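So the structure is just underneath, and the comments pick up after that.
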Amino acid sequence: MPDSIKNIFFALLFFPLWGTSQQNLLDSLQQELANHVTKDSIRAGLLIKIAGEMTYSNPKDAFPFVEEAIAISTTTDWSKGESYALRQQGNLHYVMGDDLAALDAYQKAQHLAQTIGDKALETSLLSNIGNIFADLKQYDRALENYEAYLNSARALGNIPDEIKALSNMAIIYNDTERFEDGVKYLERALKLSKQEKNDLFIAAITNNLALAYKKLGQYPKALMHYQEAADLAHEIGNKYIEASALNSIGTVNIILKNYELAAINGQRALDLSQEIEAVEWQADSWKVMSEVYEHEGKMAEALSAYKEHVRLQDSVLSEEKKSELTRKEMQFKMERQQAEAEEEIRRQQLVKNGYLAGAILLALISIAGYFLYKRRRDALEKKRVAEFNAKVAETELKALRSQMNPHFIFNSLNSISDFISKNDVKQADEYLVKFAKLTRAILENSEKKWITLEEDLELMELYMQIESIRMANKFQYHINIDETIEPDNTLVPPLILQPFIENSIWHGIAPKKGEGEIHINIKKEGDMILCTVDDNGIGRSETKKLGGKKSSLGVKITSNRIEIINHLKNTKGSVNLVDQKEGVRVEIRLPLELQF
C-alpha cells in the first residue's frame, strides 16, 4: 500500500543487496576462519563478520557462528567483541521475526557498550531498540530511543545516522497522525540528504514527505513530491520507490478526478510492481485501474481489475494479520517478563528484610507473613489480568477475521460476473456499488470497538440487500427500533448481529421451501438494550438433520466479545438462542452505551 512507505525506507537503509560479490566475500571469510583455529579475538572477529554476511541470506545457520564469538569473547574478557557479537545476535533474531529475543540481545550489547565507552556502537543500538518499540507500537519508547540516537549522531558528527534518526522520528509522528511534526522532521532529513548528495535517501524521504502532505489534504504539494520521488527513483534504478510513488500519484489523481493521469501512472506502477514481484503494490495498482475503468464505464474491466486487487490484497492482509497477532503475543510476553522481574525484585527485598529482622522475631514474622500474602495475591491478580488480556487479543483477532468472510467476497464477485455475462449491466452496477460500500465500511470499522447503532443497522441492511439479490429475493427483512432508543446516539460493538443474520439466511431460509422473513427488533430494558433476530427458517433441529454444524463459530466469537464487555463494564450482557415453532430467535443483551 502506498501509505506503508515506512517499510520501504527501513528496507532500503538497512537491508543489503545479496549477490555474487557478497558470496565471494563470505567464502573468503570462511576459508580464513578455517585457517585460524585459535580461540582468540581474531577468530571471534571473523565469526562476527561471517554471521553479518549471512544475516539476510541464511540467518538461521548464522547463529552458531555468533554464539561461538560470544563464548570466545566472554572467555578472553574481550568486552568489545562480546558487545558486537550480541548486536549481531540481535540482528539475526530481528530478521527471523523474534523481536523479544532481539531486544534482549540489543540491551545486553548496549550495557557493554556503555561500560567500555564505545559511543558509535551505543548510538547504533539506540536505533535498533527504537525500531523494535516502533514495531510493537510503543511509540513513546520508540521516540525516546530515536531522540537519543539523534543526539548521539549529532555529537559524533555522523550525518547519515542523523538523517536516519530524523526520518524514523518523522515516521512515528506520521503513524500517530501528528503530520505537521512529521513534515518538519522529514524536511530536516531531506535537507541533510541533499547536502550529502545521497539520492537513495532523497528519494525515500521525498516519498514519505509526499505521504504526509497527502494526509494533510495538501494534494498539489503531495503530487509534486511524489513526482520528484518517482523521477529520482527512476534515475537511480530503484523500482520499489518508483512503483510506490506512481501508485500514490494515481491515487491522488483519482481523488482530484484526473482519471487520465491516474490511468497512466497506475499502469506504469503495475508494470513495475509485476516486474519486481511486489504483491502489495500490484494490489494497489489494480485498485487504481479498477476505479479508472469504473469511471470510464468499462464495468467488465473494472470488475476484473477489482477481483485481482481483492485476490492480491487478501494475501497481504493475511500476512498483516499474522504480524498483528505476533505483535500482540510479543507485547504480552514483555508484560509478563516485566511482571516476573518485578516479582523477583520484591522477593529479593523480602529475603533481605528477613535477614535484617532476626532481632525482632515476632514483629517481623508478622510483617513477612503479610508481605508473602500480598505477593501471592498480587501475583494471582497479575496472572488473571494477563490471561484476560490474552483472551481479549485472541477474540479481537477472531472477530476481525470473521468480519470479512472470503467465501462471501468471492461469491459476491462471481454474482457480479454472472450479471455481466447475462448483459444485466444495471443489476451488476447496483450490486457492485452495494458490495463496494459494504466492503469499505467493514474495513473502516474493523479497528473500532464501538460504532453507532444507526451505522451498524445500515451495514446489516446493506448486507441483507446483497444476500437477497444473490438469492433472487427469496426473503424479506424488517427492522424495528423502539422509540425510546436514539440510533444515532446509541453505541454497539460493530457487526454484533451479523453472524446471526448470516445463520438465519443460509441455515434457516436458504433450505426452506417458500419465502422467508427476518425480523430485527431493538428495544431498551433498563440500562441494557435487547436486540432480537427472528427468522421463519427450518430451525436448528432440521439444520442438524441436513448435516449442518453443531455449533456456530460466530456465536462463540460473539459470546466471547460480550463476556469481555461484561468484565470491563461490570454488566450482564448475554446471547440466548430460542427455538420457535417456525425458525429461531436470537436474543442479544448489551449494556446501554451513549455517545453523548
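Remarks
- When Asp535 is tested against (1) buried (at least 18 other Cβ atoms within 10 Å of the Cβ); (2) farther than 15 Å from Glu587 by Cα; (3) acidic (Asp, Glu), just one condition goes unmet, and that condition is (2).
- Residue pairs meeting the criteria (Cβ under 7 Å; at least 6 apart or on separate chains; first in contact (Cβ under 8 Å) with a residue 24 or more places away in the chain, in region 181-193; second surrounded by fewer than 18 Cβ atoms within 10 Å (Cβ to Cβ) and part of a helix (DSSP H, G or I)): Leu192/Ile159
- When Ala142, Ala243 are checked against the criterion of being within 20 Å of Ala269 (Cβ to Cβ) and surrounded by 15 or more Cβ atoms within 10 Å (Cβ to Cβ), Ala243 stands alone in meeting it.
- Of all residue pairs spaced 6 or more apart or on separate chains, those with beta-carbon atoms under 7 Å, a first member in region 580-592 that is assigned to a loop (DSSP other than H, G, I, E, B) and a second member that is among the charged types (D, E, K, R) and surrounded by fewer than 17 Cβ atoms within 10 Å (Cβ to Cβ) are Leu592/Lys524; Leu592/Asp527.
- From the list Asp99, Asp118, Asp77, Asp61, the one residue that fits, being under 27 Å from the mean Cα position of the chain (by Cα) and either surrounded by fewer than 22 Cβ atoms within 10 Å (Cβ to Cβ) or charged (D, E, K, R) (or both), is Asp99.
- Residues located in region 507-525, provided they are free of Cβ contacts under 8 Å to residues at least 12 places away in the same chain and on the phi < 0 side of the Ramachandran plot: Lys513
- Listing of helices (runs of 4 or more DSSP H) fully contained in region 26-101 that carry 1 or more residues being farther than 20 Å from Asn128 by Cβ: 41-54, 59-75
- Residue within region 237-255 that is closer than 21 Å to Leu166 by Cβ, at pLDDT below 90 and of a type in the set (Val, Ile, Thr) present: yes
- Residue satisfying all of: in region 279-300; surrounded by fewer than 20 Cβ atoms within 10 Å (Cβ to Cβ) and touching a residue at least 12 places away in the same chain (Cβ under 8 Å); farthest from the chain's Cα centre (by Cα) among these: Glu296
- Among the residues making up region 482-496, those that are in a loop (DSSP other than H, G, I, E, B), on the phi < 0 side of the Ramachandran plot and under 24 Å from the mean Cα position of the chain (by Cα) are Pro493, Pro494, Ile496.
- Residues located in region 430-479, provided they are acidic (Asp, Glu) and either at pLDDT 90 or above or surrounded by fewer than 17 Cβ atoms within 10 Å (Cβ to Cβ) (or both): Glu430, Glu444, Glu447, Glu454, Glu455, Asp456, Glu458, Glu461
- There is at least one residue in region 208-231 that is touching a residue at least 60 places away in the same chain (Cβ under 8 Å), assigned to a helix (DSSP H, G or I) and buried (at least 24 other Cβ atoms within 10 Å of the Cβ).
- Selected residue (criterion: nearest to Ala189 (Cα to Cα)) from residues of region 143-166 that are assigned to a helix (DSSP H, G or I) and polar (S, T, N, Q): Asn151
- Filtering region 251-278 to residues that are aliphatic (A, V, I, L, M), under 19 Å from Arg311 (Cβ atoms) and either free of Cβ contacts under 8 Å to residues at least 12 places away in the same chain or assigned to a loop (DSSP other than H, G, I, E, B) (or both) leaves Ile276, Ala278.
The values are calculated or read from the model by the stated rules, or taken from the named source; none is laboratory data. As the structure is a prediction and not an experimental result, all values here were calculated from the model. Cβ coordinates were reconstructed from backbone atoms using ideal geometry, including for glycine residues, and neighbour counts include every protein chain displayed.
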